[in-house]
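S.K.: Okay, handing you the structure first.
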Amino acid sequence: MLTRETNPKEAGSAEAEAPTTASLRIPRLAAALLAALAAAGYSGISLYRHFHFASNAFDLAVQDQTVWGYSRLELIHNTVLGIPNLLGDHFNPILMVLAPFMWLWDSAGVLLVAQAILLALAGVPIYLWGERELGPVGGLAFEAAYLLFWGVLAGVIYDFHHVAFAVPAISLALYATLTRRDLLLVPAVIVAMLTREDITLTLIALGLYIVVVQRRWVLGAALAAINVLWAALLLGVIIPALGGGVAYRHWTYLALGSGPTTAIGYVVQHPVETIRLLFNSPAKVRVWVGSFLAFALLPLASPLMLVALPSFLERFWSSSPNFWSFHFQYSMLPAPILTFAAIDTCARVGRLLKGRLAVGGKILPAVALVTSVVMTFVLVRPLAEVTTYLPDSRVAQIQACLNTIPRDASVAASNTLVPHLSHRAVIYVISLRSDADYIAVDPSTYSSPFKDEEEQLRNTVRGALAAGYAVVCAKGTTLILARTDSQLQLTPELQRWLADQCSGRACAES
């Protein structure tokens, strides 16, 4: 099979047309600046969200408490999730690299800034591959399309997730694969393997791509086989052992069976039904369409879609509707793969049209950038929630009350307060446990509580007051209770809230 790398005629032509190193200096600086601006923007958005009490116990506080433990050189019990070791939930030892940064900044913001930088860094291999195949303009267009992709911004706007480490790792692995830099492929794969157990599926698919498309049998087969064994070891031994003997907790594929073995059998025996499951909901179809339309449908014509396939199968075979949403972190991992696939299609179109490279190198990348911007800022609008956050006056009241809680005290808090209190050995979500030294509640931080969640909070506060907890701080709708003597009283806002005369944020506004 002749490629540009093996065909002497095409290789010579490419060398003749290749820009010089000097001419690439400015575009590469522009690509680096684009990534830096994205990292700064992502950081600003996620920190603003967090400091305005819109972040959550799941996933930010869960991972923040464990990283805080790592910063103290401890493997602590994760009380937010209620598990002996977070490695027994998802296998994510890569989080340990964040611990030293908490020596400099003792805040959950460390995780949010790290995620922002990691997502932005994934754009660099995208630019380099785009530059190689389409020229600097095409490379910059696709780097921007990736950085503005709604799936990336949806991850930025939803707390922190350790899959963020896998995004630049997969991006680098794709670049290394496509440029046949095998020594660069090794560290990228290792980082991805230490990120999360299901990343092995993407790495297996990458191995198959290397075998089927590049015809590099040994490398591809070795990569796939290693990850099959690694996945079996993680799911069968390591995660259950670290999770206190509990079997893998994240099996949500009830329509396929009770576990991986039965699921494989179901797929083999019922191929038509398993395909139907991928499209049996309007929500699924919308996300399918939105994922590819954001890159002008270009990824669909590239064999690199083989690498993205596990992400989509894992997502849409799940029985959990959360996976079928434009929100959360689920579109972050396929984002660089879709971008590489779109670049590959443009390059193929350019080679097919031969002399008319403007179509593949400039027009199609520009179309992809436009569709990415339209999908993100006109149709999906993941950043729309930024305008709904609490005003600064309320933020100051909440923080003043949280500051009254000692650092070594155990705390049970409402969901959105937990990430601000998770640098301690014992912190609970109040709906799961409410017998800590301190109880912290603020209904105004909920833009839309889950069904019956607010009434559960009211009942918890009523029960705590009846059991002898006293008011330590009350400002607006913020309430801190503790087992201590205090003459402080509930605010009028809290009294109305407990009497069920108002709900959530409306209590602070009334």
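S.K.: All but one of (1) of a type outside the set (A, V, I, L, M); (2) open to solvent by less than 10 Å² (accessible area, probe 1.4 Å); (3) out of contact with any Lys or Arg (no Cβ under 8 Å at 6 or more places or on another chain) hold for ASN92; state the number of the condition that does not hold.
M.R.: The number of the failed condition is (3).
S.K.: Which of the residues that make up the stretch 481-508 are part of a helix (DSSP H, G or I) and either out of contact with any strand residue (DSSP E or B) (no Cβ under 7 Å at 6 or more places or on another chain) or basic (Lys, Arg) (or both)?
M.R.: Scanning the stretch 481-508 gives PRO492, GLU493, GLN495, ARG496, TRP497, LEU498, ARG505, ALA506, CYS507, ALA508.
S.K.: Looking at ASP64, ASP59, which is the one that is within 15 Å of the chain's Cα centre (by Cα), open to solvent by 20 Å² or more (accessible area, probe 1.4 Å), closer than 25 Å to ILE190 by Cβ and touching a residue at least 12 places away in the same chain (Cβ under 8 Å)?
M.R.: One residue alone meets the criteria, ASP59.
S.K.: Let me confirm something: among LEU208, LEU201, LEU185, LEU234, which residue is aliphatic (A, V, I, L, M) and either at pLDDT below 95 or farther than 30 Å from ALA301 by Cα (or both)?
M.R.: Values: LEU208 fails: either at pLDDT below 95 or farther than 30 Å from ALA301 by Cα (or both); LEU201 fails: either at pLDDT below 95 or farther than 30 Å from ALA301 by Cα (or both); LEU185 fails: either at pLDDT below 95 or farther than 30 Å from ALA301 by Cα (or both).
Criteria check complete, one pass: LEU234.
S.K.: Right, another one. Would the stretch 336-347 turn up any residue that is over 23 Å from THR200 (Cα atoms), among the aromatic types (Phe, Trp, Tyr) and open to solvent by less than 50 Å² (accessible area, probe 1.4 Å)?
M.R.: For the stretch 336-347, residues over 23 Å from THR200 (Cα atoms), among the aromatic types (Phe, Trp, Tyr) and open to solvent by less than 50 Å² (accessible area, probe 1.4 Å): absent.
S.K.: If you don't mind, another one. Among (1) modelled with pLDDT of 95 or more; (2) surrounded by 15 or more Cβ atoms within 10 Å (Cβ to Cβ), which single condition is ASN403 missing?
M.R.: Of everything listed in (1) modelled with pLDDT of 95 or more; (2) surrounded by 15 or more Cβ atoms within 10 Å (Cβ to Cβ), ASN403 misses just condition (2).
S.K.: Among the residues of the stretch 72-84, is there at least one that is modelled with pLDDT of 95 or more and part of a helix (DSSP H, G or I)?
M.R.: Within the stretch 72-84, none of the residues are modelled with pLDDT of 95 or more and part of a helix (DSSP H, G or I).
S.K.: Would you point out the residue of the stretch 456-480, among those that are assigned to a loop (DSSP other than H, G, I, E, B) and either within 11 Å of ASP435 (Cα to Cα) or among the hydrophobic types (A, V, I, L, M, F, W, C) (or both), that is farthest from the chain's Cα centre (by Cα)?
M.R.: Once the filter is applied, the top-ranked residue is ALA467.
S.K.: Follow-up. Please go through (1) more than 30 Å from ASN415 (Cβ to Cβ); (2) open to solvent by less than 50 Å² (accessible area, probe 1.4 Å) for PHE160 and return the number of the only condition it doesn't satisfy.
M.R.: (1)
S.K.: Report whether or not LEU297 is more than 25 Å from LEU134 (Cα to Cα) and either in contact (Cβ under 8 Å) with a residue 40 or more places away in the chain or out of contact with any helix residue (DSSP H, G or I) (no Cβ under 7 Å at 6 or more places or on another chain) (or both).
M.R.: Criteria not met by LEU297.
S.K.: Still on this structure, please answer the following. Residue by residue through the stretch 377-421, note down the ones that are part of a loop (DSSP other than H, G, I, E, B), more than 25 Å from LEU153 (Cβ to Cβ) and not small (Gly, Ala, Ser). Talk me through it step by step, then tell me what you get.
M.R.: So in the stretch 377-421, the residues part of a loop (DSSP other than H, G, I, E, B) come out as 381, 389-391, 403-410, 414, 421.
Still in the running and more than 25 Å from LEU153 (Cβ to Cβ): 403-410, 414, 421.
Within the stretch 377-421, ASN403, THR404, ILE405, PRO406, ARG407, ASP408, LEU421 qualify.
S.K.: For the stretch 45-62, check the following and say yes or no: at least one residue is under 22 Å from TRP251 (Cα atoms), among the aromatic types (Phe, Trp, Tyr) and in a helix (DSSP H, G or I).
M.R.: For the stretch 45-62, residues under 22 Å from TRP251 (Cα atoms), among the aromatic types (Phe, Trp, Tyr) and in a helix (DSSP H, G or I): present.
S.K.: Given the conditions (1) open to solvent by less than 20 Å² (accessible area, probe 1.4 Å); (2) part of a helix (DSSP H, G or I), which single one is not true for VAL113?
M.R.: That leaves (1) as the condition not met.
S.K.: Hey, among VAL211, VAL189, which residue is open to solvent by less than 50 Å² (accessible area, probe 1.4 Å), within 21 Å of ILE238 (Cβ to Cβ) and out of contact with any Lys or Arg (no Cβ under 9 Å at 6 or more places or on another chain)?
M.R.: Of the residues listed, the single one that is open to solvent by less than 50 Å² (accessible area, probe 1.4 Å), within 21 Å of ILE238 (Cβ to Cβ) and out of contact with any Lys or Arg (no Cβ under 9 Å at 6 or more places or on another chain) is VAL189.
Quick grid of which residues meet (1) modelled with pLDDT of 65 or more; (2) loosely packed, with under 14 Cβ neighbours inside 10 Å; (3) part of a loop (DSSP other than H, G, I, E, B); (4) touching a strand residue (DSSP E or B) at 6+ places or on another chain (Cβ under 7 Å):
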| site | (1), (2), (3), (4) |
| --- | --- |
| LEU2 | no, yes, yes, no |
| THR6 | no, yes, yes, no |
| LYS9 | no, yes, no, no |
| ALA22 | yes, yes, no, no |
| ILE26 | yes, yes, no, no |
| LEU33 | yes, yes, no, no |
| ALA38 | yes, no, no, no |
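For every residue, the table says whether it meets (1) under 13 Å from ALA32 (Cα atoms); (2) of a type in the set (Gly, Ala, Ser); (3) touching a residue at least 12 places away in the same chain (Cβ under 8 Å).
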position	(1), (2), (3)
PRO125	yes, no, yes
GLY135	no, yes, yes
PHE142	no, no, yes
VAL152	no, no, yes
TYR158	no, no, yes
VAL163	no, no, yes
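S.K.: Let me ask something else. If I filter the stretch 461-510 down to residues being among the basic types (Lys, Arg) and over 24 Å from PRO391 (Cβ atoms), which single residue comes out as least open to solvent (accessible area, probe 1.4 Å)?
M.R.: Taking the candidates together, the pick is ARG462.
S.K.: Kindly indicate whether ASP59 is of a type in the set (Asp, Glu) and at pLDDT 95 or above.
M.R.: It is false that ASP59 is of a type in the set (Asp, Glu) and at pLDDT 95 or above.
S.K.: Another one. Hey, could you check the stretch 232-283 for residues that are charged (D, E, K, R) and over 15 Å from ARG196 (Cα atoms) and say which is least open to solvent (accessible area, probe 1.4 Å)? Quick ask: steps written out before the conclusion?
M.R.: Of the residues in the stretch 232-283, the ones charged (D, E, K, R) are 249, 273, 276.
This time we only want the ones that are over 15 Å from ARG196 (Cα atoms), so: 273, 276.
Working: GLU273: 57, ARG276: 123 Å².
Only one residue tops the list, namely GLU273.
S.K.: Looking at ALA241, ALA231, ALA188, ALA176, which one is out of contact with any His (no Cβ under 9 Å at 6 or more places or on another chain), under 24 Å from ARG351 (Cα atoms) and among the hydrophobic types (A, V, I, L, M, F, W, C)?
M.R.: Values: ALA241 fails: under 24 Å from ARG351 (Cα atoms); ALA231 fails: under 24 Å from ARG351 (Cα atoms); ALA188 fails: under 24 Å from ARG351 (Cα atoms).
Step by step, each of ALA241, ALA231, ALA188, ALA176 is checked, and only ALA176 is out of contact with any His (no Cβ under 9 Å at 6 or more places or on another chain), under 24 Å from ARG351 (Cα atoms) and among the hydrophobic types (A, V, I, L, M, F, W, C).
S.K.: While we're here: When only residues in the stretch 193-208 that are among the aliphatic types (A, V, I, L, M) and out of contact with any Pro (no Cβ under 6 Å at 6 or more places or on another chain) count, which is surrounded by the most Cβ atoms within 10 Å (Cβ to Cβ)?
M.R.: Within the stretch 193-208, the match that is surrounded by the most Cβ atoms within 10 Å (Cβ to Cβ) is ILE199.
S.K.: Kindly indicate which of THR274, THR202, THR252 is more than 30 Å from ILE343 (Cβ to Cβ), assigned to a helix (DSSP H, G or I) and in contact (Cβ under 8 Å) with a residue 40 or more places away in the chain.
M.R.: THR274
The values are calculated or read from the model by the stated rules, or taken from the named source; none is laboratory data. Keep in mind it's a predicted model, so treat the numbers as computed, not measured. Neighbour counts are summed over all protein chains in view; Cβ atoms, including those assigned to glycine, are modelled from backbone coordinates with ideal geometry. Each accessible area value is taken on the protein alone, full model and side chains, heavy atoms only, with ligands, DNA and RNA left out. Shrake-Rupley method; radii C 1.70, N 1.55, O 1.52, S 1.80 Å.
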